[in-house]
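Since the structure comes first, as structure tokens, the remarks are kept for the end.
The values are calculated or read from the model by the stated rules, or taken from the named source; none is laboratory data. Since this is a predicted model, take the numbers as computed values, not measurements. Here the Cβ positions follow ideal geometry from the backbone for every residue, glycine too, while neighbour counts run over all protein chains shown.
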Amino acid sequence: MRSILLIGLNHFGSLLAKQFHDLGHQVMGVDRDERRVLAVMPYVTDAKIGDSTNRSFLRSLGIGDYDVCVVTIGKDFQSSLETTSLLKELGGRLVVSRADREVQAKFLLRNGADEVLDPEKQIAEWAAIRYGSDHVLDYIKLDDAHAIYEVSVPQDWIGKRVGQLDIRKRYGINIMALKENGKMDLSVSPETVLTGSKTMLVLGERKAIRRCFRI
């Protein structure tokens, strides 16, 4: 369980508050708008109505006590930038801020953000990969070069053992798990036989995975 300061309770912020709550974390929600604060009360440990660009107000929250400070202010980038900078000055351990454009991300990183979230860009990248192919079911980017893909078993792999395919040697790709009817099987070995009813979670370089599965 982590203690999280969540500043900005717009649509994205409120969704994030609910996800943190469902994962069992303690969340302090902050927003200028009383209606937004009241709306997230079922999902936060505590909440405050206030201006996050006000140093005295932020200091009163005890910034150094939180494991993570997340800034999800959407439309007012100046407020987001000021809040991010103040959080770091007041002892924020890990400051994560939302950006809607690349130039915003650069400014946030220069002014105190340890990491930047760009939800629309991340969803667009996921959707392009997911729906740009008929056999990719999910995708998790690990860094600029590596990713995990959930893919259907290629037709010519069905009935073969994992060891026969030897994709680790040929492509540098690892089959991490198999999935069937929503259940994950992590006990993949060279003797595991692939079937058409299963999907595979594969880890490797993105270029190699795309080449291997013709994505």
Just one listed residue, out of Leu137, Leu142, is outside the structural domain of Gly74 (by TED's automatic domain parsing), under 29 Å from Ser80 (Cβ atoms) and under 22 Å from the mean Cα position of the chain (by Cα), and it is Leu142
Could you please find all residues in the stretch 124-150 being in a helix (DSSP H, G or I) and not small (Gly, Ala, Ser)?
Glu125, Trp126, Ile129, Arg130, Tyr131
Matching residues in the stretch 105-134 - criterion: being farther than 30 Å from Glu82 by Cβ and of a type outside the set (Asp, Glu):
Trp126, Ala127, Ala128, Ile129, Arg130, Tyr131, Gly132, Ser133
What number of residues in the stretch 115-147 are touching a residue at least 60 places away in the same chain (Cβ under 8 Å), over 22 Å from Arg214 (Cα atoms) and among the hydrophobic types (A, V, I, L, M, F, W, C)?
0
Would you pick out the residues in the stretch 189-215 that are surrounded by fewer than 13 Cβ atoms within 10 Å (Cβ to Cβ) and among the acidic types (Asp, Glu)?
Glu191
If you scan the stretch 10-41, which residues turn out to be within 19 Å of the chain's Cα centre (by Cα) and of a type in the set (Gly, Ala, Ser)?
Gly13, Ser14, Ala17, Gly24
Test: Ala39 is surrounded by 14 or more Cβ atoms within 10 Å (Cβ to Cβ) and more than 19 Å from Thr84 (Cβ to Cβ):
yes
If you go through Gly91, Gly112, the only one that is more than 21 Å from Asn10 (Cβ to Cβ), outside any helix (DSSP H, G or I) and in contact (Cβ under 8 Å) with a residue 24 or more places away in the chain is Gly91
Among (1) over 30 Å from Asn10 (Cα atoms); (2) surrounded by 15 or more Cβ atoms within 10 Å (Cβ to Cβ); (3) β-branched (Val, Ile, Thr), there is one condition Ile158 misses while meeting the rest; what is its number?
(2)
